[in-house]
Amino acid sequence: MGGLGLGDRRIAMPKILVNLPPGFFVQPELSHLFARLGTLGEVRLRSWNAPGEIAADLPWCDSVLMWSWPKLLDEQLDLAVNLKFAAMLDVSQAAGRVAFRRGLPISHGRWGWSPAVSELALVLILSLLRRTGDYHAAMRAGSEKWVHAFPDDIDVSERQLTGRPVGIVGFGQIGRRLGELLGPFRCPLSVYDPFVSDDVLRGFGAVRLGLTELFERNDAVVLCAASNDGTKRLVGAEQFAAMRSGSLFVNVCRASLVDTEALIQRLGRGDILAAVDVFDVEPLPAGHVLRTMPNAYLTPHRGGGVMESVQRILSWLIDDTEAFFQNKPRKFPLTENMVNALDA
């Protein structure tokens, strides 16, 4: 990797290596973005997964636009003798640290998933409280129950969200956006996040709680934290045991933060509900016990997976690629104080 310095970075037609899954390149909804990227420089499209595969392309490029793999570590950057800038959909802690040590500027798109993930979290909370999944399945099966005597036939397990206390574990971009979405519901908000400032919490009217206390005091707990060495199996038997009867647990971030066996044991008591979007093994095996539990509501890792997320992220990264080579400020630079919050 060549020396970067702080001087003129302008290159008439930088060589841009785009390394993304092949579906990106054939998706009509993304074609205008790749067309725009083509006006900024000479673009080479690749879909490499392994370090040995990408190695031949690294000496060629002035810039990369890629996901987080193959990781750009020392061995890869030694080959990237002309690389001046990296635009990453996401980046690992290890790659982030190597980039800062070597002076490689990175722009990231990881916040682009946050709107969709936080919306799904809100949907799952509402769905669990209002039992929309149960009602849909019953209507499809023709086994639904209609109210004949009101209010005698009301199922008290169906509840509204308005005014219910909600706890959020991890108050980064996803957690904060969820906090905004919960605003109209006037939910008392509490947060577990050792790194978030008191000023940020005050801006949301949120209180800071310890992890187990947060599970004990809220009707719904939503897991929004990143996955790294400090958060592995963060939530386990102690936290699940603290949950009050009738409360909800929602995981829209990473399965590695949860002791799944402890969750299954707690669900087995039948008095809490859980919505899970991420799993230790994906796809979830057909015979997995979670599939059999009536109080476990499962979605197949759909958190950020809407086209608007992809369009937003690519647009951000293309904007920052253009800004970098025009000596202009970038909107989404990865800063060194962000690295500890990245996934491992």
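The values are calculated or read from the model by the stated rules, or taken from the named source; none is laboratory data. Predicted model only: the values in this text are computed from it and were never measured. Reconstructed Cβ throughout: ideal geometry from the backbone, glycine too, with neighbour counts over all protein chains shown.
Kindly indicate whether any position in segment 135-145 is surrounded by 14 or more Cβ atoms within 10 Å (Cβ to Cβ) and at negative phi.
Yes: segment 135-145 contains one or more residues that are surrounded by 14 or more Cβ atoms within 10 Å (Cβ to Cβ) and at negative phi.
Val156: without any contact (Cβ under 8 Å) to a residue 12 or more places away in the chain and of a type in the set (A, V, I, L, M, F, W, C), yes or no?
Yes; evaluated as a whole, the condition is true for this residue.
Val123 versus (1) under 24 Å from Ala296 (Cα atoms); (2) of a type in the set (A, V, I, L, M, F, W, C); (3) modelled with pLDDT under 95: which is the lone unmet condition?
Val123 satisfies all of (1) under 24 Å from Ala296 (Cα atoms); (2) of a type in the set (A, V, I, L, M, F, W, C); (3) modelled with pLDDT under 95 except (3).
For (1) surrounded by fewer than 19 Cβ atoms within 10 Å (Cβ to Cβ); (2) over 30 Å from Val166 (Cβ atoms), each residue gets a yes or a no:
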| residue | (1), (2) |
| --- | --- |
| Ala56 | yes, yes |
| Cys61 | no, yes |
| Pro70 | no, yes |
| Ser118 | no, no |
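Pairs under 8 Å by beta carbon, first residue farther than 20 Å from Arg176 by Cβ in segment 224-248, partner surrounded by fewer than 19 Cβ atoms within 10 Å (Cβ to Cβ) and polar (S, T, N, Q), six or more apart or different chains?
As it stands, the answer is Lys232/Ser256; Arg233/Ser256; Ala237/Gln265; Glu238/Thr212; Gln239/Thr212; Phe240/Gln265; Ala242/Thr212; Gly246/Ser157, since those pairs meet every condition given.
Kindly establish whether Arg44 is touching a helix residue (DSSP H, G or I) at 6+ places or on another chain (Cβ under 9 Å), surrounded by fewer than 20 Cβ atoms within 10 Å (Cβ to Cβ), without any contact (Cβ under 8 Å) to a residue 60 or more places away in the chain and in a strand (DSSP E or B).
Yes.
Out of all the residues in segment 72-93, which are surrounded by 17 or more Cβ atoms within 10 Å (Cβ to Cβ), touching a residue at least 60 places away in the same chain (Cβ under 8 Å) and over 27 Å from Arg312 (Cα atoms)?
Those that are surrounded by 17 or more Cβ atoms within 10 Å (Cβ to Cβ), touching a residue at least 60 places away in the same chain (Cβ under 8 Å) and over 27 Å from Arg312 (Cα atoms): Leu77, Ala80.
Which one of these does Phe34 not meet: (1) under 22 Å from Leu334 (Cβ atoms); (2) in contact with a Phe, Trp or Tyr (Cβ under 8 Å, 6 or more places away or on another chain)?
That leaves (1) as the condition not met.
Which of the residues that make up segment 45-75 are out of contact with any Asp or Glu (no Cβ under 8 Å at 6 or more places or on another chain), closer than 22 Å to Arg330 by Cβ and of a type in the set (S, T, N, Q)?
Scanning segment 45-75 gives a single hit, Ser63.
Just to verify a result, which residue in segment 20-33, among those that are more than 19 Å from Trp69 (Cβ to Cβ), of a type outside the set (S, T, N, Q) and without any contact (Cβ under 8 Å) to a residue 40 or more places away in the chain, is surrounded by the most Cβ atoms within 10 Å (Cβ to Cβ)?
Looking at the filtered set, the residue picked out is His32.
Please go through segment 269-279 and pick out each residue that is surrounded by 12 or more Cβ atoms within 10 Å (Cβ to Cβ) and either touching a Phe, Trp or Tyr at 6+ places or on another chain (Cβ under 7 Å) or touching a residue at least 12 places away in the same chain (Cβ under 8 Å) (or both).
Asp271, Ile272, Leu273, Ala274, Ala275, Val276, Asp277, Val278, Phe279
Return yes or no: is Val306 of a type in the set (A, V, I, L, M, F, W, C), exposed (fewer than 12 other Cβ atoms within 10 Å of the Cβ) and at pLDDT 95 or above?
So Val306 does not fit the description; no.
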